[in-house]
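The values are calculated or read from the model by the stated rules, or taken from the named source; none is laboratory data. Values in this document were obtained by computation on a predicted structure and should not be read as measured data. We place every Cβ from the backbone using ideal geometry, glycine too, and count neighbours over all the protein chains shown. Surface accessibility is based on the protein's heavy atoms, side chains included, excluding ligands, DNA and RNA. Shrake-Rupley method; radii C 1.70, N 1.55, O 1.52, S 1.80 Å.
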Amino acid sequence: MTATLPARTRRQSAAWVASDYWEMAKRSLRHIRHDPEQLVNVTLQPVLIVVLMDFLFGGAIKTGTHGSYINFVMPGILVVAAAFAAVTTTIGVAADMGEGVIDRFRTLPMAKSAVITGHIIAELARSLVGLAVAIAAGVAVGFRPAAGPGGWAVAVAVFLLVTLALSLLAALIGLLGQSVEVAQQLAAVIIIPIFFSSAFVPTATMPPWLRVVTANQPVTQAVDTLRALLANQPLGSHLWLTLTEFGAVVVVAFTLAAVLFKRTAST
């Protein structure tokens, strides 16, 4: 009898923590009603990038692959959508830190990690909206994926992993920023690496000194994984490299964000 009590207590504690996470996620999602601009990053911007890439650059950029340019570039646009969605996390975390709401949460009987985790969970939900909008816009201009149900399932899972990693980095930036404005400017470091990857052009077309970096960075691995999945092509080593590299980003970013939030909230 006594041996079952600790296990029951742990289950109850886990349930309470999960409940705190869910409440904080709902709080973050409710902010959309008061600030609809939060949906701009995950809806309008991916559509604009689809139009820009297809109609302005599609006829000029040669990828050296079969099929239209939109089929090549769509995986990169999906990663861009994930990055733009992550910026919302930066703004939300910075706003919480700057408006003193953390002081109120500190007095409540709740898991302190729920504040950051709630933003992340809400961001994953918003990113799925952006994913659907981006794919719909792509299909409207000629995107024709060849993936089956299994390929789509893995592609969505990879997309969510990338979004999770970028959102945790965004939360870390939000904690480091002295204000919402500063944090929003710092969030550019999340988007810049996408332009130094295979998102928009093959790395083989780049100078050798640049290719060494772009062909081996995590964003390129994620884009190439999504590209292979959606085209129903062999994955090679891209999938396990994506899982390894972005998994490491998740662990490191979550640890740093938790430590920084604990220090910041206790001051």
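A few notes on this one:
- Any hit, the stretch 221-229, residues being out of contact with any Ser or Thr (no Cβ under 8 Å at 6 or more places or on another chain), open to solvent by 30 Å² or more (accessible area, probe 1.4 Å) and without any contact (Cβ under 8 Å) to a residue 12 or more places away in the chain: no
- Residue that is open to solvent by 60 Å² or more (accessible area, probe 1.4 Å), of a type in the set (Val, Ile, Thr) and modelled with pLDDT of 85 or more, where the choices are Ile173, Ile192: Ile192
- Scope the stretch 195-216; condition open to solvent by 30 Å² or more (accessible area, probe 1.4 Å) and under 16 Å from the mean Cα position of the chain (by Cα); matching residues: Phe195
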